[in-house]
Amino acid sequence: MPRPRKNDSSTVVAPLVDEFARKLGETLERFITSRIDKETADAIRRGRAARGANGGRRKRARVLCYFPGCKNVAAPRFGMFCAALHKDLARAEKDKLRAAHDKKQRVRA
């Protein structure tokens with residue numbers, strides 16, 4: 001290894017530059033991480049406020065079977081009658097019950 005020269009400024013400047021670069025790197029790292037944390041917290045807060053807790057999707061209304069007194073869930077596949085008990089009613093019976101249900105809904109509205 002060569003002997004350092006007496007008037008060589010690199011022996012004095014190099015450690016100063018290294019220390020400056022290290023401190024600058026640490027400062028930038030702290031700044032960037034705090035900025036990222038702040039932005040993600042703001043984005044999460046904005047997202048929840050705009051969409052609500054369930055992501056902006058509303059639950060579908062629970063429609064009950066059109067048969068009077070039945071509390072089972074209606075199935076569109078069976079003409080809005082429950083799959084458990086009333087899906088096999090005659091077509092005329094279903095039409096009559098649907099008409100009564102529609103009339104009752106219009107009176108409420």
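The values are calculated or read from the model by the stated rules, or taken from the named source; none is laboratory data. Note that the structure is predicted; figures quoted are calculated from it, not measured. Backbone-built Cβ (ideal geometry, glycine too); neighbour counts: all protein chains shown.
Here is the figure for the range 65-81: residues that are touching a residue at least 12 places away in the same chain (Cβ under 8 Å), closer than 17 Å to Asp102 by Cα and surrounded by 11 or more Cβ atoms within 10 Å (Cβ to Cβ) total 8.
Does Arg48 satisfy the criteria of being surrounded by 10 or more Cβ atoms within 10 Å (Cβ to Cβ) and at pLDDT below 90? Quick ask: steps written out before the conclusion?
Numbers: surrounded by 10 or more Cβ atoms within 10 Å (Cβ to Cβ): yes; at pLDDT below 90: yes.
In short, yes.
Can you say whether Ala14 is at pLDDT below 95, small (Gly, Ala, Ser) and part of a helix (DSSP H, G or I), as far as the supplied structure shows? Write out each step before concluding.
Numbers: at pLDDT below 95: yes; small (Gly, Ala, Ser): yes; part of a helix (DSSP H, G or I): yes.
In short, yes.
Only one entry of Arg57, Arg35, Arg30 meets the criterion of being modelled with pLDDT under 85, of a type in the set (D, E, K, R) and at negative phi, and that entry is Arg57. Of the residues making up the range 23-43, one or more are aromatic (Phe, Trp, Tyr) and within 34 Å of the chain's Cα centre (by Cα).
Cβ-Cβ distances below 8 Å connect the following pairs, each with a first residue in the range 91-109 that is assigned by TED's automatic domain parsing to the domain that holds Tyr66, a second residue that is exposed (fewer than 12 other Cβ atoms within 10 Å of the Cβ) and not in a helix (DSSP H, G or I), and a separation of six or more residues or different chains: Leu97/Pro68; Ala100/Pro68.
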